[in-house]
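All remarks here apply to the structure that follows.
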Amino acid sequence: MLQDARVRILNDKPVRPDGRFVLYWMQQSQRTRLNHALEAGIRKANQLDLPLVVLFGLMDDYPEATLRHYTFMLEGLGDVARALADLGATFVTRRGHPRDLAVSLAQQAACVVVDRAYLRHLRSWRDHLADHSPVRVVEVDTDLVVPVDLPSQKPEVAARTLRPRIHRLWKEFLVDCPLTPIKRREAILGRLPELRSDFDPLDVEGTLKQIRCDRTVLASPIFRGGPIEAEARLGSFLKSKLPGYAEGRNEPYAGQTSGLSPYLQYGHISPIRLALAAADVKQHPADVESFVEELIVRRELSHNHCLYNPRYDAYEGLPDWAKRSLAKHASDPREHLYTRAQLESASTHDRYWNAAQAEMVLTGYMHNYMRMYWGKKILEWSKSPEEAFATTLAFNNRYFLDGLNANSYGNVGWIFGLHDRPWIERPIFGQIRYMNDKGLERKFDIDRYVTQIDDIARAHTGRPVSKGLLV
Ligand SMILES: Cc1cc2nc3c(=O)[nH]c(=O)nc-3n(C[C@H](O)[C@H](O)[C@H](O)COP(=O)(O)OP(=O)(O)OC[C@H]3O[C@@H](n4cnc5c(N)ncnc54)[C@H](O)[C@@H]3O)c2cc1C
């Protein structure tokens, strides 16, 4: 079902029935299944009796992206190409700035549909398209369960304030959105000069060779991108990890979580698909509840942060109480101080932290509990909280496959007090929540986690984490 609340008209330009096609600019939601924007494009094309063109624009040097991110994304594009061909849509894959490519194709279109994005620069791409397109541009929110501006129109202070608002609305939005068959199943590639592809979405290696990007962070040896892989991971999660998730999700070595955050980041799978599939597992209601809390409430809280806090990616965007408290302790002595290079190469005195850093650098992922510990220690071991914030966010976005995402900003902010409350005052942290290695030892089999990451390091670099990472 495509709910009206997902749809926003971005300009007051006309729909031009004499356009050559309806354009769906696929940017955020790189999938066909449960994609409300694609469904909106199909409906409009059918209504106007026009073919549907789907555009994907691939730019060089996407901000902060590395070879790791490009590889994962391009792996997914092949799945999308095959699925769109089956549906009967024309897929145009072009190199260049996606925003400009969308404007260029809009010149021949009857109207344009785009999926909604949540970060500042992606929002500005859509605004630019709305201004420069001669025809109507419609944006469809399809990567959140509840459209981002519906439950709240202001920055929420914590999960506890957003939760009831989301709970009130989510039933209406937790429904499938099957695709209407395309009426004019015509491949119209090549019929107009703009309707050409200049890279082959099925040739990942070939495209990667042409792309200009930071090649110092290699593809993940563990994660392969794409909607097909996302479905496979979902299947194994439901079968073997969801039962026991509520208890087991925090244990770092157990891998009892879905590992689906990179797929959510590229829109390879819809959060609605995950929530509906989990809800079908009737025998484990507490586990489903816990999963859905993370997937919907926590994730959508981060999106609320990015939409309503203009400084969402800056230290200045943290809550005032947190900045005040950190400033009061900024000159407290630090027992350990590390440079960014020492941290990056996992060369600290703390083998738990080093293991977490190595997991991130080598695989593009880190267990959630370790992410919390990891960030808190960067705060403790940096010269200033501002420097710690910059370091944490830079590592997060450089190495994580799920980085460069609303969750990146919401959660790095959490390390520094965002969406949290004041705790007992202590050195360096002030009233910011503190974590230490004793907690890891008390709660978890943390040595097992360290061994696990050491095995990964040996397999991929030939050396244990204790020798430091070559970055
Ligand atoms: C310092 C720090 C940095 C983080 N950076 C990112 C990031 O860049 N990108 C990112 O997607 N997540 C980030 N997280 C949140 C969380 O750690 C990851 O989403 C989670 O570990 C992904 O693993 P999973 O898919 O197996 O999670 P699961 O436990 O299977 O959860 C399912 C989904 O719920 C969402 N989710 C889970 N935990 C959280 C959370 N705490 N906040 C918001 N959503 C959540 C994710 O989309 C996740 O894929 C960060 C957390 C911390 C503490």
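Bear in mind these aren't lab numbers, they're just calculated from the coordinates by the rules spelled out. Source: prediction; values computed, not measured. Glycine gets a Cβ as well: all are built from the backbone with ideal geometry, and neighbour counts include every protein chain shown.
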>> How big is the dipole moment of region 315-465 about its Cα centre under a simple scheme where the beta carbon of each Lys and Arg is +1, that of each Asp and Glu is -1, and everything else is neutral? Debye, nearest 20, please.
In response: 160
> Once you put a point 7 Å from the Cα of Ile228 and another 7 Å from the Cα of Asn46, both along the Cβ direction, what distance in nm separates them?
Replying inline: 2.7
>> Between Asp445 and Ala187, how high is the FRET efficiency from 1/(1 + (r/R0)^6) when r is the Cβ-Cβ distance and R₀ = 56 Å? Nearest 0.05.
In response: 0.55
> What is the calculated FRET efficiency for His128 to Lys438, with r their C-beta to C-beta distance and R₀ = 56 Å, to the nearest 0.05?
Replying inline: 0.65
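Out of the chymotrypsin sites (Phe, Trp or Tyr not before Pro) in region 365-471, which ones are loop residues according to DSSP with at most 15 other C-beta atoms within 10 Å?
In loop regions of region 365-471 (DSSP not H, G, I, E or B), the sparsely surrounded chymotrypsin sites (Phe, Trp or Tyr not before Pro) are Trp423.
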> Got a sec? How would Arg95, Arg20, Arg371 order by Cβ neighbour count within 10 Å, fewest to most?
Replying inline: Arg95, Arg20, Arg371
> How would you rank Val103, Val80, going from fewest to most other Cβ atoms within 10 Å of each one's own Cβ?
Replying inline: Val103, Val80
> When only alpha-carbon atoms count, how far does the chain stretch along each of its three principal axes, as whole angstroms with the largest first?
Replying inline: 70, 48, 46
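Within the chain, what percent of beta bridges assigned by DSSP are antiparallel, to the nearest 5? Walk me through the numbers before you get to the answer.
Working: 4 of 24 bridges.
Of all bridge pairs located within the chain, approximately 15 percent are antiparallel.
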> Under a point spin-label approximation (7 Å from Cα along Cα-to-Cβ), what is the Arg82-Thr161 distance to one decimal in nm?
Replying inline: 4.6
> How high is the relative contact order of region 1-137, in percent, with contacts defined as C-alpha pairs under 8 Å that are six or more residues apart?
Replying inline: 39
> Using modelled backbone amide H atoms (1.01 Å from N, in-plane), which distant-in-sequence or interchain residues come within less than 5 Å of Leu58's amide H?
Replying inline: Arg94, Arg95, Gly96
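Determine the gain in length on full extension of the stretch Asp280-Asn368; use 0.36 nm per residue of separation and subtract their C-alpha separation, reporting nm with one decimal.
Result: 29.2 nm gained on full extension.
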> In region 382-471, which GluC sites (Glu not before Pro) fall in coil by DSSP and have 16 or fewer other Cβ atoms within 10 Å?
Replying inline: Glu425
> So between Gln210 and Lys171, what do we pick up on full extension, going 0.36 nm a residue minus the alpha carbon distance?
Replying inline: 9.5 nm
> Separation between the His460 and Ala314 pseudo-spin-labels, each 7 Å from Cα along Cα→Cβ, expressed in nm?
Replying inline: 3.4
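Counting other C-beta atoms within 10 Å, which of His284, His367 has the fewest, and how do the rest follow?
His284, His367
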> Counting only residues 5 or more places away or on other chains, whose amide H sits under 5 Å from the amide H of Val113 once H atoms are built in the peptide plane?
Replying inline: Leu23, Tyr24, Trp25, Val138
>> Taking 25 °C and 0.890 mPa s as the conditions, I'd like the Stokes-Einstein D for region 349-471 in µm²/s, using the Kirkwood hydrodynamic radius from alpha carbon pairs.
In response: 163
> So which GluC sites (Glu not before Pro) in region 246-342 pass both tests, a DSSP loop state and at most 10 other Cβ atoms within 10 Å of the Cβ?
Replying inline: Glu335
> Once the Cβ-Cβ distance between Ala5 and Asp198 is put in as r, and R0 is 45 Å, what FRET efficiency do you end up with, to the nearest 0.05?
Replying inline: 0.75
> Which one of Phe444, Tyr315, Tyr434 has its Cα pushed farthest toward the positive end of the charge dipole of region 315-465, where Lys and Arg give +1 and Asp and Glu give -1 at the Cβ?
Replying inline: Tyr434
>> Under a Cβ-only charge scheme (Lys and Arg +1, Asp and Glu -1), can you give me the dipole magnitude of the chain about the Cα centre, in debye to the nearest 20?
In response: 340
